[in-house]
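**Student:** Got a structure for you, written out below as structure tokens; questions coming shortly.
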């Protein structure tokens, strides 16, 4: 009996090997299993992204450990955006990839990195660079079949006289940020402001928008001072700041200090107890780690699992750029730039951004409409636009440049 069983096992093994050999000898273009796609099946449509980021100037030396951004700031958001795009894309035979990541140190010329990206064949390029550099890149790519996303520069002029047709702005401009802040302060009836302005040209631009927003929403800048003490005042702030703020008589101190040189020193050191807002204190931003309503907790958790840290504004802005193409590609089922652009600026485009309202692009200046978060370091305070600030078509156009205010003039035949 044992011998007969062993003989049967040997015969079965021989039959199995014969079956495997027959499968290996079959023509290579034949499906190996029922239902498998043949080798000549259509390949997925591939959407090629590239990311270029140049860090701005470092904060003052004494504050570096607190305020220096992580090395993957923005990049991690772009990576998550591609992951989210592919979640849907794999069912639509679409493949989203980042083909190039260029990180350029502050002070170096980023144009060679941009030229490498153009040569790589990427069609969707996400940029976090200064305004002047962005304009050079947009002009260099004006005849290319690409879409550029501005994820970092907040300069108003990029949406006004210096706008470019091939650039979409996922970063807010300063006017959106200061309008969002102004709406909240006016809503709270804190309408008398003292404005403290830093020494840099960017601080002056922020201050100009603060004054514009005050006029727009009925607040008043009752005092204005320029900071001239430098970062070393950290050691003597308790002596200098009370004297600097002694004659302030307002509801709020609004700070224009984009580099973070002095803004965080003002609170708790002013002569009289005053709220601080602007670039320090209550700050308008696109995203904050404490946003958790409208499904935002899911995005926060996905990002934390991916990057092992909280999501920052630049991460969110680069994520929005990726999701713009992911959402549009899923609708039009094409990677053709002209087709994608037509849908993005059409009436049916909507982008979910987990802040309570659908995002869309303003066709007159290519700025992404989105709510602006008002937050202090460890807590969400509010989200603009505020209730009661009405608009004839879209409440999101109460913050930033509405169509009648726009100085952007795109070419009729780009």
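**Student:** Take residue 397 and tell me if it is under 21 Å from residue 173 (Cβ atoms) and in a helix (DSSP H, G or I).
**Tutor:** Taking the combined requirement at face value, the residue satisfies it.
**Student:** Report yes if some residue within segment 240-262 is closer than 25 Å to residue 187 by Cα, modelled with pLDDT under 95 and touching a strand residue (DSSP E or B) at 6+ places or on another chain (Cβ under 6 Å); otherwise report no.
**Tutor:** Yes, the conditions are met somewhere in segment 240-262.
**Student:** Of the conditions (1) at pLDDT 95 or above; (2) at positive phi, residue 369 clears all except one; give me its number.
**Tutor:** (2)
**Student:** Could I ask something else about it? Return a yes/no flag: does segment 69-85 have any residue that is surrounded by fewer than 17 Cβ atoms within 10 Å (Cβ to Cβ), at pLDDT below 90 and assigned by TED's automatic domain parsing to the domain that holds residue 353.
**Tutor:** yes
**Student:** Looking at 109, 156 in this structure, which one is over 14 Å from residue 48 (Cα atoms), free of Cβ contacts under 8 Å to residues at least 40 places away in the same chain and out of contact with any strand residue (DSSP E or B) (no Cβ under 9 Å at 6 or more places or on another chain)?
**Tutor:** 109
**Student:** While we're looking at this one, here's another question. Can you name the condition, by its number, that residue 145 falls short on among (1) farther than 22 Å from residue 405 by Cβ; (2) assigned by TED's automatic domain parsing to the domain that holds residue 249; (3) out of contact with any strand residue (DSSP E or B) (no Cβ under 8 Å at 6 or more places or on another chain); (4) at pLDDT 95 or above?
**Tutor:** Tallying (1) farther than 22 Å from residue 405 by Cβ; (2) assigned by TED's automatic domain parsing to the domain that holds residue 249; (3) out of contact with any strand residue (DSSP E or B) (no Cβ under 8 Å at 6 or more places or on another chain); (4) at pLDDT 95 or above, residue 145 fails exactly one: (2).
**Student:** Going by the structure shown, is residue 338 on the phi > 0 side of the Ramachandran plot and modelled with pLDDT of 95 or more?
**Tutor:** Spelling it out, it is not the case that residue 338 is on the phi > 0 side of the Ramachandran plot and modelled with pLDDT of 95 or more.
A quick yes/no check of all residues on (1) touching a strand residue (DSSP E or B) at 6+ places or on another chain (Cβ under 8 Å); (2) over 20 Å from residue 314 (Cβ atoms):
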residue: 74; (1), (2): yes, no
residue: 84; (1), (2): no, no
residue: 123; (1), (2): yes, yes
residue: 137; (1), (2): yes, no
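**Student:** Mind listing whichever residues of segment 335-358 are surrounded by fewer than 16 Cβ atoms within 10 Å (Cβ to Cβ) and touching a helix residue (DSSP H, G or I) at 6+ places or on another chain (Cβ under 7 Å)?
**Tutor:** Correct list: 339 only.
**Student:** Please tell me if residue 330 is more than 17 Å from the chain's Cα centre (by Cα), modelled with pLDDT of 95 or more and assigned by TED's automatic domain parsing to the domain that holds residue 101.
**Tutor:** yes
**Student:** Those residues that are more than 23 Å from residue 69 (Cα to Cα) and not assigned by TED's automatic domain parsing to the domain that holds residue 195, I need them from segment 256-297; list them, please.
**Tutor:** 293, 294, 295
**Student:** Looking at segment 270-305, which of its residues are loosely packed, with under 15 Cβ neighbours inside 10 Å and in contact with a helix residue (DSSP H, G or I) (Cβ under 6 Å, 6 or more places away or on another chain)?
**Tutor:** Selection gives 271 alone.
**Student:** Moving on to the next point. Inspect all residues belonging to segment 214-226 and state whether any of them is at pLDDT below 95 and either in the same structural domain as residue 180 (by TED's automatic domain parsing) or exposed (fewer than 15 other Cβ atoms within 10 Å of the Cβ) (or both).
**Tutor:** Checked segment 214-226: no residue is at pLDDT below 95 and either in the same structural domain as residue 180 (by TED's automatic domain parsing) or exposed (fewer than 15 other Cβ atoms within 10 Å of the Cβ) (or both).
**Student:** For the structure I just gave you, tell me whether residue 374 is more than 25 Å from residue 155 (Cβ to Cβ), in contact (Cβ under 8 Å) with a residue 60 or more places away in the chain, within 22 Å of the chain's Cα centre (by Cα) and surrounded by 14 or more Cβ atoms within 10 Å (Cβ to Cβ).
**Tutor:** No, not satisfied.
**Student:** Being in contact (Cβ under 8 Å) with a residue 12 or more places away in the chain and surrounded by fewer than 16 Cβ atoms within 10 Å (Cβ to Cβ) is the filter here, so list the residues in segment 390-404 that pass it.
**Tutor:** 394, 403
**Student:** What residue, of 162, 179, 203, 208, is crowded, with 16+ Cβ neighbours inside 10 Å, modelled with pLDDT of 95 or more and assigned to a loop (DSSP other than H, G, I, E, B)?
**Tutor:** 162
**Student:** Still on this model: Is it fair to say residue 315 is buried (at least 21 other Cβ atoms within 10 Å of the Cβ) and within 30 Å of residue 262 (Cβ to Cβ)?
**Tutor:** Yes; evaluated as a whole, the condition is true for this residue.
**Student:** Can residue 280 be described as without any contact (Cβ under 8 Å) to a residue 24 or more places away in the chain and in contact with a strand residue (DSSP E or B) (Cβ under 6 Å, 6 or more places away or on another chain)?
**Tutor:** no
The values are calculated or read from the model by the stated rules, or taken from the named source; none is laboratory data. Everything numeric in this text was worked out from a predicted model, so none of it was measured. All Cβ positions, even for glycine, are placed from backbone atoms using ideal geometry, and neighbour counts span all protein chains on display.
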